[in-house]
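First the structure, in the form of structure tokens, and then the observations on it.
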Amino acid sequence: MSDRERDWDFYLRTVSNSARDSDFANDPASDPSLLHAVKKLCDFCRQEEKSSEDLIARVYPHINKLFQRSIASLSQSASSNGVLLLVILQFFLDFGEVVLHDADPSLRTFFRLCLSREFADPTVATATLDFLNVNKNKLLISFPNLLPQFFPLLLKLIAWNGEKLEKPFLKVVLGLVSPGSFLPLFPSLVDLPILVVALEKVERSSGSLIGSSIASIQKSTAPEMLLALMDEAYTGSTIGDGGGDSESEDSSTIDVADPLFLELLKDENDGLAERPWTSPAVAAVLQAAITSPQSDRLKQILNMAPRLLDLYFTIALRDANNSLICALIPILMTRNSTLFPDKNYMYEVRRRLLEFMLAAFQRSPEFIALLKKPIIDRLGEAYDSPEKTEMALQLCWAVGEHGGGGGSHKDAARELFESLELLLYENLSFSRLGLRQDSAVNSDNRSIRKSSQSRLLCFVITAIAKLATYHCELLPRARVALGKVARSRLSDSRVWTRANDYLGLMNEPAICLSILGPSQHSHGHMHPGTVNWNEGGTKMIAHIPFYVLGEQEGPPFHDFSFSDILPRR
């Protein structure tokens, strides 16, 4: 017998004996030689070209039995089973066709029963991401619903292990996105910092996360105990009462109807669920996050989450269909004002949300007409907070830039125009009222408020002028609205000066269409007199309308370069 045959027999005997050895019967992973034996058997099966099928058929029954025993021993095992099970899963994926083994149930069993207990183990987490990346193409083709189903569990894995696993995780993100997971994945990414807070509290309350399944806590008959433990740490007290005969604070509970943390800590995708951000428990958590020192793990995820959103939005614009993107935008509008209260995190996330929303409108202007109701609702909230004001500003720009959805959506454009009119008149009234009350406000707040109002008014009147240029039936109403602004003589001259400029343009329809109208007809043809800025590098200076240089003082001149007016890329 050759050395190779002796090695084969030794490793096969090791795997076979593990099923009969009482010392390892209830905990196969505790045998340190077993993992090495399984790896060597897999290597033999890959290397033997002539007799590989015979070798695979001989080893498969033992490997399959070992997988089942390892899964059955998870709840009693004191050792980590994750790496061993991943090696066995690799065998199933490589040789499943030879032995007619469907790997899908085995993969789901691993995620549901093993990874849910061991995602916090750095070794298992690293091995899992390596396994997913090595088999990425096979998983996407043969098991396209696997990763989208378990994306909440994988998000827990990256939330807990942090930046050291960011690169391999970014390669997996594409596999998490599917029609069924596209919408639920967005709030889960945005709420990664809250997920870290919840996981850290579970660890402080219940001990190490390795070896304990949070899912089992979720499905227990008393999930309020987990919520009570969380609330006790976040607020320093408990909400609710465990009963008149309660002997200690540990029996107190909070309202079990508040499911945000159970929603965050789930392992599987069960669809888009409403996250109750207005509940007292959530408000307490967010307040505690502001006042408490941030852990290193939380700091890492605050940096990572915006980068994960970048990748998600890139995939969305490239692969998602219009119906999914259209359904995502109202969720995005709502979440813009409900983010984890970290200043830099809120800035980075909101910037990405607004950029994606505008990119979606640019690609599909008809979304503006389809989403007129949520857009009108957001315009009505323009005064509620600075982040809602910024959202309203961007929506005003999009509505005007894309003509309220296009020429075929006149009814929607009219309703959007009326909403802009109302916002304009409310802003004018509010500005006049504010002038009388300025003495009661300190100079810094007064300056910020005036700047915000002026900026909003400029966006609104520009949107009104653009809509009226796109839909000529709105011109009379636009002249009335802009005339009121021009006569108002607000303290900020930029506002009424802009209104006067637009009124003057409307007296010259051709020039107005070139400046304020859409760059293209609905059929894709350029309007006469309109500059196609994408072709700016091939145009002569005379093609550039001089209004572009209107902010420059002095007599007209021609010795300027296109870099003065075209954005750098």
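Filter segment 407-461 down to residues that are touching a helix residue (DSSP H, G or I) at 6+ places or on another chain (Cβ under 6 Å) and aromatic (Phe, Trp, Tyr) and give me whichever is modelled with the lowest pLDDT.
Phe459
Is it the case that segment 368-382 has a residue that's closer than 20 Å to Asn321 by Cα and among the β-branched types (Val, Ile, Thr)?
yes
What are the residue pairs meeting all of these: first residue in segment 3-21, first residue over 8 Å from Ala37 (Cβ atoms) and modelled with pLDDT under 80, second residue open to solvent by 60 Å² or more (accessible area, probe 1.4 Å) and not in a helix (DSSP H, G or I), Cβ atoms under 8 Å, and 6 or more apart or on different chains?
none
Looking at Thr109, Thr126, which is the one that is open to solvent by 20 Å² or more (accessible area, probe 1.4 Å), farther than 30 Å from Ser295 by Cα and at pLDDT 95 or above?
From the options Thr109, Thr126, the qualifying one is Thr109.
Take the residues in segment 147-189 that are open to solvent by 10 Å² or more (accessible area, probe 1.4 Å) and of a type in the set (Lys, Arg), then tell me which one is farthest from Asp104 (Cα to Cα).
The selected residue is Lys164.
Condition first: farther than 26 Å from Cys326 by Cα and among the polar types (S, T, N, Q). Now tell me which residues in segment 156-203 satisfy that.
Hit for segment 156-203 is Asn161, nothing else.
Of everything in segment 307-344, what is of a type in the set (S, T, N, Q) and either over 12 Å from the mean Cα position of the chain (by Cα) or over 21 Å from Gly380 (Cβ atoms) (or both)? Give them in sequence order.
Thr314, Asn321, Asn322, Ser323, Thr334, Ser337, Thr338, Asn344
What do you reckon, is Val399 farther than 28 Å from Ile194 by Cα and surrounded by 21 or more Cβ atoms within 10 Å (Cβ to Cβ)?
So Val399 passes the test.
Residues are listed down the side, and each one gets a yes or a no for (1) in contact with an Asp or Glu (Cβ under 8 Å, 6 or more places away or on another chain); (2) outside any helix (DSSP H, G or I); (3) of a type in the set (Asp, Glu); (4) in contact (Cβ under 8 Å) with a residue 60 or more places away in the chain:
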residue: Pro341; (1), (2), (3), (4): no, yes, no, no
residue: Ala359; (1), (2), (3), (4): no, no, no, no
residue: Phe367; (1), (2), (3), (4): no, no, no, no
residue: Thr389; (1), (2), (3), (4): no, no, no, yes
residue: Ala392; (1), (2), (3), (4): yes, no, no, yes
residue: Asp411; (1), (2), (3), (4): no, no, yes, no
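Answer with yes or no whether Val531 is at pLDDT below 55 and open to solvent by less than 50 Å² (accessible area, probe 1.4 Å).
Numbers: at pLDDT below 55: yes; open to solvent by less than 50 Å² (accessible area, probe 1.4 Å): yes.
Considered against the rule, which asks whether it is at pLDDT below 55 and open to solvent by less than 50 Å² (accessible area, probe 1.4 Å), Val531 comes out as yes.
What is the residue count in segment 134-146 for residues that are surrounded by fewer than 16 Cβ atoms within 10 Å (Cβ to Cβ) and part of a helix (DSSP H, G or I)?
Step one: filter segment 134-146 for residues surrounded by fewer than 16 Cβ atoms within 10 Å (Cβ to Cβ), giving 134, 136-138, 140-142, 144-145.
Subsequent filtering for residues that are part of a helix (DSSP H, G or I) retains 134, 136-138, 140-142.
Residues in segment 134-146 being surrounded by fewer than 16 Cβ atoms within 10 Å (Cβ to Cβ) and part of a helix (DSSP H, G or I): 7 in total.
Pick from segment 491-519 the residues that are modelled with pLDDT of 85 or more and out of contact with any helix residue (DSSP H, G or I) (no Cβ under 8 Å at 6 or more places or on another chain): which of them is most open to solvent (accessible area, probe 1.4 Å)?
Asn507
The values are calculated or read from the model by the stated rules, or taken from the named source; none is laboratory data. The structure displayed is predicted, hence computed values, not measured ones. Note that each Cβ is placed from the backbone with ideal geometry, even for glycine, and that neighbours are counted across all protein chains shown. Surface accessibility is based on the protein's heavy atoms, side chains included, excluding ligands, DNA and RNA. Shrake-Rupley method; radii C 1.70, N 1.55, O 1.52, S 1.80 Å.
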